[in-house]
Amino acid sequence: MLALTLLASCGEAPQPPAAFLFDGLPVTGSLADARRAGFTACVSHNVEMRCRKEGVSFQRHGPFSAAVDLGGGDGGGGFDHLTLWHASDQSALVAIIDELRNGGWDECLTPLGSGWEGQAIYRRKDSPIFIALDLTYWDRRTLKVYPAMAANIPRCRAQP
């Protein structure tokens, strides 16, 4: 009986996080939230789904490609961050970073073994988001936008 109960619970999808927009873009939410925001180019990868949108602006910069990664092959688990990149200009995201630095955002680097290796983290006390810039990119540099909840913000060391 225990085995049947455990087997039945394996198929339960987690509830998607509440919808949260920043700068007009979805940061967390459900598949329906992503689609309402124009993230309609969706591809299922069996255990997750990626929905994309092209021509996105963020903090008055762009255009960028953007995606949300949803839990579950049907997207039923929702998404918990937004990813941005530029297909051909690896330095395009630097304009956003420069603006964050000029706007008083703190910058720190994640240590090895943290689960967040190779990230520059940008946060500001009054902001509802924090940003992670991938410093170890192989194909495309990415910038990820997360809700700024204390449990989500990675530990890191300040820039010298």
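Ordered from largest to smallest accessible area (heavy atoms of protein chains, 1.4 Å probe), the residues CYS51, CYS42 come out as CYS42, CYS51.
How high is the relative contact order of the chain, given as a whole-number percent (alpha carbon pairs under 8 Å, six or more residues apart)? Before the final figure, lay out each step's value.
Working: 325 pairs, mean separation 27.5, N = 160.
RCO, the chain: 17 percent.
By the gyration tensor of its Cα atoms, with a ≥ b ≥ c the square roots of the eigenvalues, what is the shape of the stretch 87-136: rounded for a/c under 1.5, prolate for a/b over b/c, or oblate?
Values: a/c = 2.20, a/b = 1.04, b/c = 2.11.
Note, shape of the stretch 87-136 comes out oblate.
If you sort HIS86, HIS81 by accessible surface, 1.4 Å probe, largest first, the order is HIS86, HIS81. Our note on the geometry: Cα centres of the stretch 117-160 and the stretch 43-97, 15 Å apart. Anisotropy class assigned to the stretch 55-117 is oblate, per the alpha carbon gyration tensor with a/c at or over the 1.5 cut-off and a/b no larger than b/c. Put TYR146, TYR137 in order of accessible area, highest first, and with a 1.4 Å probe you get TYR137, TYR146.
Expressed per residue, the C-alpha convex hull volume of the chain stands at 143 Å³.
The values are calculated or read from the model by the stated rules, or taken from the named source; none is laboratory data. In this text, all values refer to a predicted model and were calculated from it rather than measured experimentally. Only protein heavy atoms, including side chains, enter the accessible area calculation; ligands, DNA and RNA are left aside. Shrake-Rupley method; radii C 1.70, N 1.55, O 1.52, S 1.80 Å.
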